[in-house]
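The values are calculated or read from the model by the stated rules, or taken from the named source; none is laboratory data. Quick caveat, the model's predicted, so the values are computed rather than measured. FYI the Cβ positions are ideal-geometry reconstructions off the backbone, even for glycines, and counts take in every protein chain you see. SASA here: full protein model, heavy atoms, side chains in, ligands and nucleic acids out. Shrake-Rupley method; radii C 1.70, N 1.55, O 1.52, S 1.80 Å.
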Amino acid sequence: MRLYASAPPRRTTALTRVPHLTPSLLLAAVLLLVGGLLLASPGHAGAAADPLISRGKPATSSSDEDSTFPAAKAFDGDRATRWASAEGSDPQWIRVDLGAAATVSRVRLSWEAAYAKAYRVEISADGATWTRLATETAGNGGTDDWTGLNGKGRHLRVYGTARGTSYGYSLYEVEVYGTAGGPPPSGAFTVVAAGDIAAQCTASSSSCAHPRTAAQAQRINPKFYLTMGDNQYDDARLSDFRAYYDKTWGAFKAKTRPAPGNHETYDPAGPLAGYKAYFGAVAYPQGKPYYSYDEGNWHFIALDSNSFDDPAQIRWLKDDLARNTKGCVAAYFHHPLYSSGGHGNDPVSKPVWQILYGAKADLVLNGHDHHYERFAPQDPSGRATPDGIVEIVGGMGGAEPYPIETVQPHSQKRISGTYGVLKLDLTDTTYTWQYVGTDGQVKDSAPTYTCH
């Protein structure tokens, strides 16, 4: 156990420490500290009274020793559970998304036997650029209590650079104290998205994934759901929709805004016949398999990428974008222009990208390749640019995973083999998202982008 002084870090690094104390001196020091806090003015005692703001928040890590030691265990309030990293490798990190901008005044770390000899506590507004709050260079385990901090951001991480043992890093609890940065952003709402969903299996099979992705999607309880095609395998017959999709994702069909994939065209009754019969007006609100709608300051466009060569759909898209009055634009369809998976880049989507890019669209969501991937903003020719479109491949809704094959330029994160859903958090001017696995754990957190 260590006691740290409630003072700001020297320069921008570690805080001043109190030397190791005997039990009697430690008790006296604690009593003196408590007495000082009670007598201090509210302005000086505020940091000690700041609430815990990290409990139960989404957490990720550089690695886990195994599935029984995920990052979330360090934020569950249970000191009998813990996060543990993979063994024998530096650096390793654990981070938490506080859910909104906050001012952090204190971070308390409760180490297991596998502790960090050297680490940094860092904070970030967007999860990409980090600012150091505190630095440890001679850690010896136990409890590290960093007080007197003044960090501002949404994401906090503990970044271990040197292990104190031959094992990994392990924390019973990471407790972040501070204050929220203000009311929720204007127009905030959440959307859940996925593609490539209902394999021909049911919950009676332990290997059937779409019951689990549906359960996770429902637990998030978003404003609405959207799908990026291949909703039902293999030939998307109406009977298959009723036997499989309807038993899982069908629970929230009325709140779902779907788009079709190539498997919806294989129906022996005719392309999209089962898809249209099952979803009805949900998928054809404007009489076509492509449509648009608004939510808050967002304009959403669902497209049929099986027929991007149809002049009627292209004319409709141009007219729809010309009429749009919202400040943020998201489009979703099945075939991705960029993908590091087995299907790879699909040029059929490039003309649509050119139209969307010309209209300053912000976000494109796709399926087709059965993995998760996010890209940095880029233009239709694949050049990185701040005013480019952010693309996400979210094809892990339940169909058999595909491996990553050829990593494309500007691909920032790829996950294959882990089923899950996209949790998109949108405001009137910004958007960010998390890839949430069927175990409820956040597998990836994106930066926060501002709409064009």
Worksheet entry | Pick from the range 436-452, criterion under 14 Å from residue 397 (Cα atoms) and open to solvent by less than 20 Å² (accessible area, probe 1.4 Å), ranking: nearest to the chain's Cα centre (by Cα) | 436
Worksheet, complete the sentence: Output for Cβ contacts, cut-off 7 Å, separation at least six or different chains, first residue closer than 13 Å to residue 273 by Cα and in a strand (DSSP E or B) in the range 226-237, second open to solvent by less than 10 Å² (accessible area, probe 1.4 Å) and aliphatic (A, V, I, L, M), reads 232/198
Practice prompt. Take the range 119-132 and flag every residue that is in contact with an Asp or Glu (Cβ under 6 Å, 6 or more places away or on another chain) and either in a strand (DSSP E or B) or over 20 Å from residue 180 (Cα atoms) (or both).
Written response: 119, 132
Item to complete: Would you be able to say whether some residue in the range 327-335 is surrounded by fewer than 21 Cβ atoms within 10 Å (Cβ to Cβ) and more than 20 Å from residue 394 (Cα to Cα)?
Response: yes
Discussion item. Any residue that is among the small types (Gly, Ala, Ser) and within 30 Å of residue 208 (Cβ to Cβ) - is there at least one of those in the range 378-385?
Written reply: no
Fill in: Candidate set: the range 391-406, residues that are aliphatic (A, V, I, L, M) and open to solvent by less than 20 Å² (accessible area, probe 1.4 Å); chosen: the one farthest from residue 205 (Cα to Cα)
392
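Residues are listed down the side, and each one gets a yes or a no for (1) in contact with a Gly (Cβ under 6 Å, 6 or more places away or on another chain); (2) surrounded by fewer than 21 Cβ atoms within 10 Å (Cβ to Cβ):
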site	(1), (2)
88	no, yes
94	no, no
115	yes, no
128	no, yes
144	no, no
Worksheet item: Of the conditions (1) open to solvent by 10 Å² or more (accessible area, probe 1.4 Å); (2) under 28 Å from the mean Cα position of the chain (by Cα), residue 316 fails just one. Which one is it?
Response: (2)
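Residue under question is residue 409, and the condition is that it be surrounded by 16 or more Cβ atoms within 10 Å (Cβ to Cβ) and more than 26 Å from residue 154 (Cα to Cα); does it hold?
No: the conditions fail for residue 409.
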Worksheet item: Going by the conditions given, is residue 434 of a type outside the set (Asp, Glu) and touching a Ser or Thr at 6+ places or on another chain (Cβ under 6 Å)?
Response: yes
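Conditions (1) touching a residue at least 24 places away in the same chain (Cβ under 8 Å); (2) over 18 Å from residue 442 (Cβ atoms); (3) touching a Pro at 6+ places or on another chain (Cβ under 9 Å), marked per residue:
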{"site": "120", "(1), (2), (3)": "yes, yes, no"}
{"site": "126", "(1), (2), (3)": "yes, no, yes"}
{"site": "130", "(1), (2), (3)": "yes, no, no"}
{"site": "137", "(1), (2), (3)": "yes, yes, no"}
{"site": "140", "(1), (2), (3)": "yes, yes, no"}
{"site": "143", "(1), (2), (3)": "yes, yes, no"}
{"site": "147", "(1), (2), (3)": "yes, yes, no"}
{"site": "153", "(1), (2), (3)": "yes, no, no"}
{"site": "158", "(1), (2), (3)": "yes, no, no"}
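Residue-wise test of (1) of a type outside the set (Gly, Ala, Ser); (2) surrounded by fewer than 24 Cβ atoms within 10 Å (Cβ to Cβ); (3) assigned to a loop (DSSP other than H, G, I, E, B).
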site: 252; (1), (2), (3): yes, yes, no
site: 277; (1), (2), (3): no, yes, no
site: 284; (1), (2), (3): yes, yes, yes
site: 289; (1), (2), (3): yes, yes, yes
site: 293; (1), (2), (3): yes, yes, no
site: 300; (1), (2), (3): yes, yes, no
site: 306; (1), (2), (3): yes, yes, no
Item to complete: Looking for whichever is β-branched (Val, Ile, Thr), open to solvent by 10 Å² or more (accessible area, probe 1.4 Å) and modelled with pLDDT of 95 or more here; the options are 213, 202, 256, 227. Which one fits?
Response: 202
Item to complete: Would you check which residues across the range 238-267 are in contact (Cβ under 8 Å) with a residue 60 or more places away in the chain and small (Gly, Ala, Ser) and list them?
Response: 259, 261
Practice prompt. Residue by residue through the range 379-390, note down the ones that are outside any strand (DSSP E or B) and buried (at least 18 other Cβ atoms within 10 Å of the Cβ).
Written response: 380, 388
Worksheet item: Residues in the range 97-118 that are part of a strand (DSSP E or B) and over 21 Å from the mean Cα position of the chain (by Cα): how many?
Response: 12
Worksheet, complete the sentence: Over the range 148-187, the set of residues touching a helix residue (DSSP H, G or I) at 6+ places or on another chain (Cβ under 8 Å) and on the phi > 0 side of the Ramachandran plot is 148
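Does any residue of the range 351-361 turn out to be under 28 Å from residue 223 (Cα atoms), aliphatic (A, V, I, L, M), part of a strand (DSSP E or B) and touching a His at 6+ places or on another chain (Cβ under 9 Å)?
So in the range 351-361, the residues under 28 Å from residue 223 (Cα atoms) come out as 352-353, 355-357, 359-361.
With aliphatic (A, V, I, L, M) added as a condition, the list becomes 352, 355-356, 359, 361.
Still in the running and part of a strand (DSSP E or B): none.
No.
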Worksheet entry | the range 157-173, residues that are surrounded by fewer than 19 Cβ atoms within 10 Å (Cβ to Cβ) and under 16 Å from residue 133 (Cβ atoms) | 161
Worksheet entry | Every residue from the range 412-443 that is farther than 23 Å from residue 249 by Cα and not basic (Lys, Arg) | 412, 427, 428, 429, 430, 431, 432
Worksheet item: Filtering the range 97-112 down to residues that are touching a Gly at 6+ places or on another chain (Cβ under 7 Å) and surrounded by fewer than 19 Cβ atoms within 10 Å (Cβ to Cβ), which residue is modelled with the lowest pLDDT?
Response: 100
Response to the item:
Subset of the range 343-378, residues farther than 17 Å from residue 305 by Cβ and open to solvent by 10 Å² or more (accessible area, probe 1.4 Å), comes to 358, 359, 360, 374, 376, 377
Item to complete: Go through (1) free of Cβ contacts under 8 Å to residues at least 12 places away in the same chain; (2) closer than 30 Å to residue 425 by Cα; (3) outside any helix (DSSP H, G or I) one by one and return the number of the condition residue 270 breaks.
Response: (2)
